[in-house]
Amino acid sequence: MTRAERTTCVVVGGGPAGVVLGLLLARAGVEVTVLEKHADFHRDFRGDTVHPSTLQLLDDLGLFERFDALPQTRLQRVELVEGSGVVAADLERLGRLLPGLRHPYIALVPQWDLLTLLADAAREEPSFTLRTSTEVTGLLTGPARETPTGRRVTGVRWRTSDGGSGELEADLVVACDGRWSTARRSAELVPRELEVPFDVWWLRLPLAEDARDARLLPVLRRGRAVVVIPRRTAEGRYLQIAYLGPKGGDAALRARGVEAFRRDVAELLPEHAATALSPDVIRSFDDVPVLDVRLSRLPTWHREGLLCIGDAAHAMSPVGGVGINLAVQDAVAAARLLAAPLRERRVRRAHLAAVQRRRTLPTVVTQALQQQAHRRVLAPVLAGAVGGPPRPVLAALRRFPWLAAVPAYVVGVGVRPERAPRWARRPAGPGGRVSR
Ligand SMILES: Cc1cc2nc3c(=O)[nH]c(=O)nc-3n(C[C@H](O)[C@H](O)[C@H](O)COP(=O)(O)OP(=O)(O)OC[C@H]3O[C@@H](n4cnc5c(N)ncnc54)[C@H](O)[C@@H]3O)c2cc1C
């Protein structure tokens, strides 16, 4: 059965960008509907790093106390080589240099916990609707208003997991449906792909409750690398491992067999060798999903009636774990620039272009830094040319430890951090409201 309905803003996708945008627009009094194809927010191996800029935003939104109560791991320093004492990113030092930075650490929290918290806060607003198990399958279009020819996006087509379908018309559609965005494809917006030399295979190694505290650590050897991410969730403690290999190497890795893969992981992480070698832990390659790493961005983020933000506008490399935070910052900027035109029902392409203008610099700078890390560190390691980070970088960090505050700033705060608009702020604790 097909039903047609109407709202002011449709947000496609309930990831970090979509849920934050929904929450903020609802706090501005805009009627907003978020459509999410999954039944819940539960997804394994997603971006789980919440950086100081996002922690600050949670504070501004009056949600920090709730967030802080979630099971989490806090990271203040990232060592470059285990046991070397050389710190690559030092958030603690950054906090001392910037006393206004209220939360100088990275919180590792399951993405589903963060999204559930944000969606619960959004549901407190009468103009917010979240429809789960609802997949957007295409866009509705009508004659353009701003140009003599062409088409304007006027809403979306959706279907539910139980076979329902319908159309939802809106003044604006915001594509927050991630790096394989359906809405973007339907609008014929094509991202420009940048070269990436590696893919990532994800796995988990269980940790005993009494195991000593692990640290976030890159381990670089000739031809191979892993990043160890210590996790603490409601289900207990474990290590999330990102195994890095050459781009397109999935078939070759599988052809070598799961035993060879277990041995690789054990050699890279001798302290956890027994766990890595156990056939009960990495049972098959089904326990090791591969992430096809992409670095891309749209030359134009909008069409009349449609805006792309977050991964839909720019897929980020996992280097620095900045994906969630950039997506959230895009959403804050979009909400600030679009709330008034949406409320007054006068959104024009110029408003959408203003969002792109605001968020292009942080995207381009962050991607350029990620490309440098790919070229100078990861590509030589994965090609087997070197077995560690560049010596000059190690020497510089050893001699001038304060340099570690620079990557901490770039990753933790970022270029052009966004603060919550005044109308979206709430005092700490439940129930506080601030007039618009
Ligand atoms: C395996 C993995 C590990 C990562 N690790 C990190 C990390 O440690 N730190 C970090 O910051 N970033 C990390 N990232 C990147 C980070 O997860 C993303 O950058 C971030 O989630 C982007 O947010 P988003 O809201 O733009 O898109 P997404 O998080 O991709 O959200 C898109 C949402 O849209 C929904 N959706 C998709 N299509 C449709 C449709 N047609 N209709 C309705 N809904 C739809 C999806 O179900 C999803 O909920 C990782 C990504 C992956 C894949």
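The values are calculated or read from the model by the stated rules, or taken from the named source; none is laboratory data. Predicted, not measured: the structure shown is a model, and the values here were computed from it. Backbone-built Cβ (ideal geometry, glycine too); neighbour counts: all protein chains shown. We work out accessible area using only protein heavy atoms, side chains counted, and drop any ligands, DNA or RNA first. Shrake-Rupley method; radii C 1.70, N 1.55, O 1.52, S 1.80 Å.
Side notes on the structure shown:
- Here segment 220-336 is treated as an ellipsoid with the same Cα gyration tensor; its semi-axes, largest first and in whole Å, are 35, 18, 12.
- Relative frequency of Cα-Cα separations exceeding 23 Å in segment 291-370, percent: 21 percent
- For the chain, hydrophobic long helices are taken as DSSP H runs at least 30 Å long by C-alpha position along their axis with mean Kyte-Doolittle hydropathy of -1.0 or more; these are 349-373.
- Taking all protein chains together and a 1.4 Å probe, the residues Glu193, Glu135 rank Glu193, Glu135 from largest to smallest accessible area.
- In segment 1-101, the convex hull through the Cα atoms has an average projected area of 10.0 nm², a quarter of its surface area.
- Shape call, segment 143-185: gyration tensor on alpha carbons, a/c limit 1.5: oblate
- Heavy-atom accessible area ranking, 1.4 Å probe, most first, across Lys37, Lys247: Lys37, Lys247
- If you sort Thr54, Thr137, Thr160 by accessible surface, 1.4 Å probe, largest first, the order is Thr137, Thr160, Thr54.
- Placing +1 on each Lys and Arg Cβ and -1 on each Asp and Glu Cβ, with no other charges, gives segment 92-221 a dipole about its Cα centre of roughly 440 debye.
- When only Cα pairs below 8 angstrom with a gap of at least 6 residues are kept, the chain shows a relative contact order of 24 percent.
- For segment 322-436, the orientation-averaged shadow of the C-alpha convex hull comes to 10.8 nm² (one quarter of the hull surface).
- Remark: the chain projects, on average over all directions, an area of 21.7 nm² (convex hull of Cα atoms).
- When you restrict to C-alpha pairs under 8 Å that are six or more residues apart and normalise by the size of segment 1-154, the relative contact order lands at 31 percent.
- Positive-end ranking of Gly15, Gly164, Pro110 along the dipole of the chain, with charges on Cβ about the Cα centre, is headed by Gly15.
- With R₀ set to 35 Å, the beta-carbon distance separating Glu92 from Arg192 gives a calculated FRET efficiency near 0.40.
- Grouping the Cα pair distances of segment 63-120 into 5 Å bins from zero gives a pair-distance distribution of 4, 16, 20, 19, 17, 13, 8, 2, 0 percent in increasing distance order.
- Rounded, prolate or oblate (a/c below 1.5 giving rounded, otherwise prolate when a/b exceeds b/c) for segment 7-65 by Cα gyration tensor: oblate
- Under the Debye formula (equal points on every Cα, no solvent term), log10 I(q)/I(0) of segment 118-170 at q = 0.12, 0.13, 0.17, 0.30 Å⁻¹: -0.42, -0.48, -0.70, -1.05
- Cα gyration tensor category, rounded, prolate or oblate, for segment 179-246 with a/c compared to 1.5: oblate
- Magnitude of the charge dipole, the chain, Cβ model with Lys/Arg +1 and Asp/Glu -1, debye to 20: 1540 debye
- GNM remark for the chain: springs join alpha carbons under 10 Å apart, and the peak mean-square fluctuation among Leu172, Leu306, Leu291 falls on Leu291.
- A helix-only calculation puts the chain at -9500 deg cm²/dmol for mean residue ellipticity at 222 nm, using -39500 (n - 2.57) for each DSSP H run of at least four residues, averaged over all residues.
- Simple rule: put +1 on each Lys or Arg Cβ and -1 on each Asp or Glu Cβ in the chain, find the dipole, and look at Ala331, His302, Ala354; the Cα lying farthest toward the positive end is Ala354.
- Relative contact order of segment 75-139, defined on C-alpha pairs under 8 angstrom at six or more residues apart (%): 21 percent
- In a simple Cβ point-charge model (Lys, Arg +1; Asp, Glu -1; nothing else charged), segment 24-152 has a dipole of about 440 debye relative to its Cα centre.
- If R0 is 25 Å, the Cβ-Cβ spacing of Arg375 and Arg348 corresponds to a FRET efficiency of close to 0.05.
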